[in-house]
Every structure is written in C-alpha cells, then in structure tokens.
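Student: Have a look at this one.
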Amino acid sequence: MSDQSFQTLGEFIIEKQDDFQYSTGELSRLLSSIRLASKVVNREVNKAGIADITGHAGKTNIQGEDQQKLDVLANEIFIEALSQREVVCGIASEENDDYIEINCNNNSHMSKYVVLIDPLDGSSNIDVNVTVGTIFSIYRRVTEPGKPVEMRDFLQKGTAQVAAGYVVYGSSTMIVYTTGNGVNGFTLDPSIGTYYLSHPNLKFPTKGKIYSINEGNYIKFPQGVKDYIKYCQLEEDDRPYTSRYIGSLVADFHRNMLKGGIYIYPSTSQSPKGKLRLLYECNPMAFLTEQAGGKASDGYRRILEIEPTELHQRVPFFAGSAAMVTKAEEFMAKAVQAEEK
Ligand code: AHG
Ligand code: MN
Ligand code: MN
C-alpha cells in the first residue's frame, strides 16, 4: 500500500486549506461537519432494517413527494450538525419548504457560507437495502455577513459554488467532493469511523459504454432522447451500450464516473422540467462532473450557467463522459430542428 492510502479526510481537508487565499479555516470546519454528519447518517442507514426507520413518515415534502422516515432523520442530522457548530449562516434542504437562517450565539450570522442539501437521495431504495446518498452544495453568501441570509444567497448560479460533493452509502460508504481543484474520493473504514483517501483525482473516462435512464418513461420522452436511446442500442462501432439504472442519482452517477457513462433524467410530457432539482441535485453533480473532466447539461445548455429562480426548481439533467453528453445534445438539437421544419 502506498503512503497515500493512509491519508485521512481530516488531514486532507486541512492540507488543502492553503489552496484558498486568505483562508480562515471556516470552509474546513464546514466540510468537517458534513463528514461527521455523514457518519451518523451512515450508522442509521446501516441499521435501517432493524430500527423501524424504513417506510413512510406519513408526510409529503414541499414537492408533494412522500417523505420516508430516513429522509426526515437524515435531514435533521445534517441540519443539526451544521447549525450547532455554527459553520454556516443558512441552509436550504430538499425536505424543507423554505431556507433556514442560522442565528449563531456569539457571532450572529457571521459565517459566510450557505449549504444546499439533498439529505437522502434515492429514498425509494431505502426499504430494499439498495444504495442511497447525500448531495451537498456550498456557496459564499452574496449579502453582507452579520445580517440574516436572504433568498438571493441561495439562488446563485452553479458556477459560483465553492464546494460540492456527495456521500454514497453503498457496499462501502464514500465521500466524494470538490473544492474546484479536481475531485477526490474517500472510503469509510467503519471499524474505526475514519474516511481514507481511496480515489485521488477522479476523472470520467472520456467515452463510456453505460447509459442510465428510467426507460419505463420512454413513451413520454422528448424525440431527441428517444433517438439517442436508439443510438445507444444500435449494433455499430462500440455499441450497443449497456443500460444500468439504480434509481439513486448518487449511485448511478458514481458508477458512471468510475466506469464511463451518461446519466439522463429528461423532461417528460407530464413533467416538462424533469424531476431532479437544480439546486440540491443538478448543480452539485454538474460541478463534480466538470471537475472530473465530464460534461453536464439540460440537453441544450450548461447546467452551471442556469440562473435559478426558485429554491425547488427542477431541470432536465444529462451528465457524464463528455463525448456521450455531446452526442446526446446533438440528438436533442437535431430533433428540435426537425420539428421546426
Ligand atoms: P430523492 O430520493 O432525493 O427524491 O431523489 C430521487 C431521484 C434520483 O435520485 C433518482 O435518480 C430519481 O429520482 C429516480 O426517479 P425515477 O424513479 O422517476 O426514475
Ligand atoms: Mn434526490
Ligand atoms: Mn432526497
């Protein structure tokens, strides 16, 4: 084993602190809080089957989706870890209607960071012991520190992200994150509760052979997506590609980043904006994608440049190996041209 395998996430965060000019260690403390909360959620996810935390919580979230007990629990764990340690001035979560303003005891609102989070991604997979995740996105506030946060602190373009990442609670638990200097992955050794650097400098293979999309919705997809799926299935060159879809964005994305592939959640005739949320899911994943040499788009334009207008905004999402996303975009453009004729 090389020495690098023994570098812990804690050591890595501190070492990388110097990458930021005028760093005060605030971002390091924030990332450490996420690291801690992820271990607590990991413990809960691991014992889900025996702890009466599977199943519905009996409520729906702002988006009218059923909340699972673990959705609610993971949301509480992350919010508590971030607010008690006073490392952020505001949090927006997929599970809450509105953003939360953090009022620090000694140093009221002094933190300069806001966090946007999907505390539990892939919740339909909890009850069946299949991989779920957490997705987080960190921005510098645009309003003046010391005052309450405002909506515009959260409605920033993805290009303004300071850091983003996900936790994948899989056959092993990993944190994968970026602060804008590449993507690194850390695997949890559960026996001692420590994350170790296991996947330094992750990069999407430029071309992959996996396409991930809920093909059950085929009939409702835009023509460009239908055409791209048929292209993936054609026996030509290195095709047909392999279809893999778990139904947890984090898990599907993680596999595609390691193996090479494309993830698509397009618009459908029933949901013209798709299903995934720009601020909690698409922007952080798009930041990671680009940092890993891949491409993320809504089928026509770069995700990170979309101007958000509301917290729970949805957007069609295409992310993965650059050449595959470019190809899918070509099919989207062609279909639009054909329609215009
Ligand atoms: P969440 O559990 O946070 O609501 O997210 C679920 C998302 C995403 O993780 C997944 O890829 C997608 O929904 C699956 O949707 P379908 O079941 O419609 O394919
Ligand atoms: Mn999600
Ligand atoms: Mn969720």
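The values are calculated or read from the model by the stated rules, or taken from the named source; none is laboratory data. Keep in mind it's a predicted model, so treat the numbers as computed, not measured. All Cβ positions, glycine included, derive from the backbone under ideal geometry; neighbour counts span all protein chains shown. All accessible areas refer to the heavy atoms of the entire protein, side chains included, with ligands and DNA or RNA removed. Shrake-Rupley method; radii C 1.70, N 1.55, O 1.52, S 1.80 Å.
Student: Can you say whether T289 is open to solvent by less than 10 Å² (accessible area, probe 1.4 Å) and either outside any loop (DSSP other than H, G, I, E, B) or in contact (Cβ under 8 Å) with a residue 12 or more places away in the chain (or both), as far as the supplied structure shows?
Tutor: Numbers: open to solvent by less than 10 Å² (accessible area, probe 1.4 Å): yes; either outside any loop (DSSP other than H, G, I, E, B) or in contact (Cβ under 8 Å) with a residue 12 or more places away in the chain (or both): yes.
Yes, satisfied.
Student: Of all residues in the stretch 310-341 being more than 19 Å from I229 (Cβ to Cβ) and of a type in the set (D, E), which is least open to solvent (accessible area, probe 1.4 Å)?
Tutor: So the residue we want is E310.
Student: Collect the residues in the stretch 74-101 that are open to solvent by 30 Å² or more (accessible area, probe 1.4 Å), more than 22 Å from I126 (Cβ to Cβ) and not basic (K, R), keeping them in residue-number order.
Tutor: Within the stretch 74-101, S83, Q84, E86, D97, D98, Y99, I100, E101 qualify.
Student: Quick one: would you say I135 is open to solvent by 30 Å² or more (accessible area, probe 1.4 Å) and either over 24 Å from E305 (Cα atoms) or aliphatic (A, V, I, L, M) (or both)?
Tutor: Values: open to solvent by 30 Å² or more (accessible area, probe 1.4 Å): no; either over 24 Å from E305 (Cα atoms) or aliphatic (A, V, I, L, M) (or both): yes.
In short, no.
Student: Could you give me the residue pairs with C-beta distances under 9 Å whose first residue belongs to the stretch 238-249 and is charged (D, E, K, R), whose second residue is in a helix (DSSP H, G or I) wherever it lies, and which are 6+ apart or on separate chains?
Tutor: That search, which allows pairs on different chains as well, returns R239/Y231; R239/C232; R239/Q233; R244/D252; R244/R255; R244/N256; R244/K259.
Student: Only one residue in K203, K207, K230, K157 is farther than 20 Å from T134 by Cα and modelled with pLDDT under 95. Which one?
Tutor: Only one candidate passes the filter, namely K207.
Student: Can you pull out every residue in the stretch 187-213 that is of a type in the set (S, T, N, Q) and open to solvent by 60 Å² or more (accessible area, probe 1.4 Å)?
Tutor: Start the filter on the stretch 187-213 by keeping residues that are of a type in the set (S, T, N, Q), which leaves 187, 191, 194, 198, 201, 206, 212.
If the condition is that a residue be of a type in the set (S, T, N, Q) and open to solvent by 60 Å² or more (accessible area, probe 1.4 Å), then S191, N201, T206 are the ones that fit.
Student: Please pick out the residue among G133, G146, G182 that is among the small types (G, A, S), modelled with pLDDT of 95 or more and over 28 Å from P272 (Cα atoms). Before you say what the answer is, go through the steps one by one.
Tutor: Working: G133 fails: over 28 Å from P272 (Cα atoms); G146 fails: modelled with pLDDT of 95 or more.
So the residue among G133, G146, G182 that is among the small types (G, A, S), modelled with pLDDT of 95 or more and over 28 Å from P272 (Cα atoms) is G182.
Student: Given the criteria modelled with pLDDT under 85, assigned by TED's automatic domain parsing to the domain that holds I175, closer than 27 Å to L278 by Cβ and among the acidic types (D, E), does E65 qualify?
Tutor: Values: modelled with pLDDT under 85: yes; assigned by TED's automatic domain parsing to the domain that holds I175: yes; closer than 27 Å to L278 by Cβ: yes; among the acidic types (D, E): yes.
So E65 fits the description; yes.
Student: Could you say which residue among T143, T134 is assigned by TED's automatic domain parsing to the domain that holds N42 and closer than 26 Å to H56 by Cβ? Lay out the reasoning, then the answer.
Tutor: Details: T143 fails: closer than 26 Å to H56 by Cβ.
Of the residues listed, the single one that is assigned by TED's automatic domain parsing to the domain that holds N42 and closer than 26 Å to H56 by Cβ is T134.
Student: Next up: Which of the residues that make up the stretch 111-130 are at positive phi and at pLDDT 95 or above?
Tutor: Filtering the stretch 111-130 for residues at positive phi gives 122, 129.
Within the stretch 111-130, G122 is the sole residue that qualifies.
Student: For the structure I just gave you, tell me whether F287 is more than 10 Å from ligand 1 (Cβ to nearest atom) and either assigned by TED's automatic domain parsing to the domain that holds V168 or closer than 21 Å to N184 by Cα (or both). Walk me through it before giving the result.
Tutor: Details: more than 10 Å from ligand 1 (Cβ to nearest atom): yes; either assigned by TED's automatic domain parsing to the domain that holds V168 or closer than 21 Å to N184 by Cα (or both): yes.
In short, yes.
Student: Report every pair of residues separated by at least 6 positions or lying on different chains whose Cβ atoms are under 7 Å apart, first residue within the stretch 172-186 and closer than 12 Å to E290 by Cβ, second of a type in the set (S, T, N, Q).
Tutor: Going by the 7 Å Cβ cut-off, the qualifying pairs are T178/Q291; G180/Q291; G182/N201; G182/Q291; V183/Q291.
Student: Kindly indicate which of D127, D118, D153, D98 is of a type in the set (D, E, K, R) and in a strand (DSSP E or B). Can you show your working first?
Tutor: On the way: D127 fails: in a strand (DSSP E or B); D153 fails: in a strand (DSSP E or B); D98 fails: in a strand (DSSP E or B).
Going through D127, D118, D153, D98 in turn, the sole match is D118.
Student: Among what's in the stretch 232-251 and is under 17 Å from N217 (Cα atoms) and assigned to a helix (DSSP H, G or I), pick the residue that is nearest to ligand 3 (Cβ to nearest atom).
Tutor: Step one: list which residues in the stretch 232-251 are under 17 Å from N217 (Cα atoms), which gives 232-233, 243-249.
Of the ones still in play, those that are also assigned to a helix (DSSP H, G or I) are 232-233, 249.
Numbers: C232: 27, Q233: 30, L249: 9 Å.
Selected residue: L249.
Student: Looking at the structure I just gave you, is E144 free of Cβ contacts under 8 Å to residues at least 12 places away in the same chain and touching a Ser or Thr at 6+ places or on another chain (Cβ under 6 Å)?
Tutor: Working: free of Cβ contacts under 8 Å to residues at least 12 places away in the same chain: yes; touching a Ser or Thr at 6+ places or on another chain (Cβ under 6 Å): no.
No, not satisfied.
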